Amino acid sequence: MKRISALARALALGLAFLGMCTSQAHSAVTGLNEAVVVVDKKANQIHLCNYDDGKLTVVKSYRSTFGKNGGDKLWEGDLKTPEGIYDFLYRKTPPALGKKFGPLAIYIGYPNSMDKHGAKTGNQIMLHGTDDPSRLERPLDSLGCVVTDNDNVKEISDCVKLRETKIIITRDFAKLKDFSRLEKAKQFLQDWLHAWASKDLPGYIESYAEEYIPQAAGHNRNEFAHYKDSLNKKYGTINVSATDVRYYFHEKYDLITFTQHYSSTFPGGQSAYNGVSRKNLFLQERNGNYRIVTEEQQK
C-alpha cells in the first residue's frame, strides 16, 4: 500500500508539473489564437505570429540561426535553409533524436509541391534546439535546419498543430507585411470556383499557369483541359465551394488552403460524384494575374 501511495503521489506531482509547464507556455504567448511560425532570415529571428484572415501579427520573437550557406535551398547537401511555405510533419525527441538537436525537433515538409516543381532536392529539414547555445550567436551555423534555444523550441512546439500550422521561411519578413495581395487572392479563389461550377472551361483553364502539371489527369495543361471538358459534358451540374479558407504570402509564391466541397449530377439529375477534401493552391503572378502553378489535394 505504501508503494502504491508513493506512486500515486509521484504521478500527482508529475501531472501538476506538466500542468504548470503548459500554463507557463500559454502565458508566454498571450494573444495567440491561430499560430503561424515565420522564419525571418534577414533578422535571424523566428516570429510566432497570430493569423487573422490572411494577416499576420507578431506575438513573440526568438533568436535563431540557419544554414551555413545563405540563400534558398536547391539541392541536398548545399547547407542552405529552404525558403517557402511549409507544414510541420512530426516531432522527434531523445533518445531517437541526436544530442546536438537538443530536446526536440519538429520536421518541416520540405520539399513541398513547389520545390518539387522546381526540381529541388534534399530532406531532413527541422526546427530544433541545440546542445551548444553559442551557435545562436552566429547567424549561419546549421546544415540547413532552423535552430533556436531549447526552451524556445519547446514553447513554439506547444503552439504547433502538425500538418495544419504553417511555417513560412522568408528572406525578409518586412516584405510580407504588405497585405495588398490579400483581396486579389480572395477574388481569384471566387473566380476560380465560379468558372469551375459554371463550366466556363476557358476561364477555368486560364487560372492555371502554362507550365502547370496536373497531379492525376494528363501530363500538361492541354491534356488537363481536355479532361475537364469531358467532365463538363458528362455531368449535368457541378457544385463546388470552399470553407476554412486560409491565405499565406511569400516572396516566391502565395498559397491558398481550404476544405473543398464538390458534388455533381448526371444530366438526368441522378447524383454522380460527391467528395470533401483539403486543397492547396500554389499561386504565382503572370503579367499581373494570379495563376495556379501546382496544387495538392488530400482526402
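Inside the stretch 117-128, can you point out the residues that are over 18 Å from Pro95 (Cα atoms) and either modelled with pLDDT of 95 or more or assigned to a loop (DSSP other than H, G, I, E, B) (or both)? Matches in the stretch 117-128: Gly118, Ala119, Lys120, Thr121, Gly122, Asn123, Ile125. Within the stretch 103-119, is there a residue that is open to solvent by 30 Å² or more (accessible area, probe 1.4 Å) and acidic (Asp, Glu)? No.
Quick one: in the stretch 99-110, which of the residues that are in a strand (DSSP E or B) and in contact (Cβ under 8 Å) with a residue 24 or more places away in the chain is nearest to Glu295 (Cα to Cα)? It would help to see each step written out before you state the result.
First, pick out the residues of the stretch 99-110 that are in a strand (DSSP E or B): 105-108.
Add one more test, that the residue is in contact (Cβ under 8 Å) with a residue 24 or more places away in the chain, and what stays is 105-106, 108.
Values: Ala105: 28, Ile106: 24, Ile108: 18 Å.
In this case the residue turns out to be Ile108.
Scanning the stretch 238-273 for residues that are more than 29 Å from Asp53 (Cβ to Cβ) and in a strand (DSSP E or B) yields Ser264, Thr265, Ser271, Ala272, Tyr273.
Which condition from (1) under 18 Å from the mean Cα position of the chain (by Cα); (2) open to solvent by less than 10 Å² (accessible area, probe 1.4 Å) is the one that Ala195 breaks? Condition (1) is where Ala195 drops out. Each residue in the stretch 165-190 was checked for being open to solvent by 70 Å² or more (accessible area, probe 1.4 Å) and under 29 Å from Pro111 (Cβ atoms), and 6 pass. Looking across the stretch 277-292, the residues that are more than 15 Å from Leu193 (Cβ to Cβ), in a strand (DSSP E or B) and more than 17 Å from the chain's Cα centre (by Cα) come down to Glu285, Arg286, Asn289, Arg291.
Each row is one residue, and each column tells you yes or no for (1) under 17 Å from Glu155 (Cβ atoms); (2) part of a loop (DSSP other than H, G, I, E, B); (3) open to solvent by less than 50 Å² (accessible area, probe 1.4 Å).
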residue	(1), (2), (3)
Tyr62	yes, no, yes
Phe66	no, no, yes
Asp78	no, yes, yes
Tyr86	no, no, yes
Tyr90	no, no, no
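Within the stretch 245-299, the residues that satisfy the criterion of being closer than 21 Å to Ile205 by Cβ and open to solvent by 60 Å² or more (accessible area, probe 1.4 Å) are Tyr273, Glu285, Arg286, Asn287, Asn289, Gln297. A Cβ distance below 6 Å, combined with a sequence gap of six or more or placement on separate chains, defines the contacts here; from the stretch 53-70, residues that are on the phi > 0 side of the Ramachandran plot reach residues that are in a strand (DSSP E or B) and modelled with pLDDT of 95 or more in the pairs Gly54/Tyr247.
Can you work out which of the residues in the stretch 146-156 that are touching a residue at least 40 places away in the same chain (Cβ under 8 Å) and open to solvent by 10 Å² or more (accessible area, probe 1.4 Å) is nearest to Phe66 (Cα to Cα)? Spell out the reasoning first.
Step one: of the stretch 146-156, the residues touching a residue at least 40 places away in the same chain (Cβ under 8 Å) are 146-150, 152-156.
Going one step further and asking which of them are open to solvent by 10 Å² or more (accessible area, probe 1.4 Å), we end up with 149-150, 152, 154-155.
Details: Asp149: 13, Asn150: 15, Asn152: 15, Lys154: 18, Glu155: 19 Å.
Among them, the one singled out is Asp149.
Sub-7 Å Cβ pairs linking a first residue in the stretch 111-136 that is acidic (Asp, Glu) to a second residue that is not in a loop (DSSP other than H, G, I, E, B), at least 6 apart or interchain, are Asp115/Gly84; Asp131/Lys99; Asp131/Lys100, ordered by first then second residue. For Ala96, the conditions (1) hydrophobic (A, V, I, L, M, F, W, C); (2) without any contact (Cβ under 8 Å) to a residue 60 or more places away in the chain; (3) under 16 Å from Val39 (Cβ atoms); (4) open to solvent by 20 Å² or more (accessible area, probe 1.4 Å) are fulfilled apart from (3).
Just to verify a result, which residue in the stretch 207-237, among those that are assigned to a loop (DSSP other than H, G, I, E, B) and more than 24 Å from the chain's Cα centre (by Cα), is nearest to Ala185 (Cα to Cα)? I'd like the intermediate steps shown before the answer.
In the first step, residues of the stretch 207-237 are kept if they are assigned to a loop (DSSP other than H, G, I, E, B); the result is 207, 209-220, 235-236.
Restricting the remaining residues to those that are more than 24 Å from the chain's Cα centre (by Cα) gives 210, 217-220, 235-236.
On the way: Glu210: 19, Ala217: 25, Gly218: 27, His219: 26, Asn220: 24, Tyr235: 29, Gly236: 29 Å.
By that ranking, first place goes to Glu210.
The values are calculated or read from the model by the stated rules, or taken from the named source; none is laboratory data. The structure presented is a predicted model; accordingly, all values stated were derived computationally and were not measured. As a convention, Cβ positions derive from the backbone with ideal geometry for all residues, glycine included, and neighbour counts pool all protein chains shown. For accessibility, only protein heavy atoms count, side chains too; no ligands or nucleic acids. Shrake-Rupley method; radii C 1.70, N 1.55, O 1.52, S 1.80 Å.
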